[in-house]
Every structure is written in structure tokens, then in C-alpha cells.
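Data first, discussion second: the structure below is written as C-alpha cells.
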Amino acid sequence: MLDFIMIPLVVGIITLGIFKLFELFARRKERILLIEKMSENIDSEKFNAIFPQQPNINVNTGSFASLKIGCLLFGLGLGLLVGFLIVFTYNITDYQLKSMAIGSTILLAGGIGLLIAFFVEQRFRRKDKENK
């Protein structure tokens, strides 16, 4: 029933895996180069030039990734449920119409879930800024 989403999903997962693998190797090389520079220049002035002192970073300013993923998955599940309810309520028998009804409600509810995550994040950041 959801055959239309399998190909983009598999391609996306493979692309993400390859990207993360290359990113892992690139970061490893960068870290090795920084360690080599530090070992060559033990002088504290040069160390501070490479690694300037950073101001205190507030731990509460995270990326809210778990909130976004959670709201997205909740929205996708809700969209799947609503899509099935639409199909069974209106007794749709055409395969393409079923796929379109379920797919569109999944995407719509997933987008709404991401919007909810965005507004929750904005409200949290606004409260955090007011408390400072």
C-alpha cells in the first residue's frame, strides 16, 4: 500500500549513511591535524591562538533534535491513522486513490508535527532569553 515511499526512503537512508561515513573520516583527519599542530607548538600563546577561549555556553540551548524527531514520528503515525480512517470511512477501493489518501495525510500530519516542534522550541528559547 505504501510502495511509493519505499524507494525515496531507502535512497535517503543510504545517502545519509554515506554522508555520515565521509563526515566521520573528515573530522578524524581534522582532529589529527589539530593534535599535530598542538604538539609542535606547545607555547601557550600559540595554543591560545589555535584554540581561543570560548565564553560560557548555556547547556539549555540544544538543538531540540529529540523534540523534532518525536513530533515528526507522532505526526506520521497520526497521519497514517487518519489516512486509514478516511479510506475505511469512505470505502475507497481504488489502489491509487488509497495510496494518495494515506500518503497525503501522512505527509500533512508530519509537517504539522514539525511545525508544532518549531513553535515549542521558539517558546522555550523566548522563555530562556527572558530569564537571563
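In table form, for the structure just shown:
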| read-out | value |
| --- | --- |
| Segment 96-125 residues that are under 18 Å from Phe74 (Cβ atoms), paired with ones that are surrounded by 16 or more Cβ atoms within 10 Å (Cβ to Cβ) and basic (Lys, Arg) (beta carbon under 7 Å, 6 or more apart) | Leu114/Lys68; Ala117/Lys68 |
| Candidate set from segment 61-93 (those that are more than 11 Å from the chain's Cα centre (by Cα) and among the β-branched types (Val, Ile, Thr)); member that is farthest from Gln122 (Cα to Cα) | Thr93 |
| Meets criteria (modelled with pLDDT under 85, among the basic types (Lys, Arg) and either open to solvent by 80 Å² or more (accessible area, probe 1.4 Å) or not in a helix (DSSP H, G or I) (or both)) for Lys20 | no |
| Hits in segment 63-116 - residues which are open to solvent by 60 Å² or more (accessible area, probe 1.4 Å), farther than 20 Å from Phe4 by Cβ, modelled with pLDDT under 90 and part of a helix (DSSP H, G or I) | Ser66, Lys68, Ile69 |
| Pair list, Cβ under 6 Å, 6 or more apart: segment 64-90 residue farther than 11 Å from Ala101 by Cα, other residue open to solvent by less than 80 Å² (accessible area, probe 1.4 Å) and of a type in the set (Val, Ile, Thr) | Leu76/Ile106 |
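The values are calculated or read from the model by the stated rules, or taken from the named source; none is laboratory data. From a predicted model like this one, the values you see are computed outputs, not experimental measurements. A quick note on method: Cβ atoms are made from the backbone with ideal geometry, for glycine too, and the neighbour counts reach across all protein chains shown. SASA here: full protein model, heavy atoms, side chains in, ligands and nucleic acids out. Shrake-Rupley method; radii C 1.70, N 1.55, O 1.52, S 1.80 Å.
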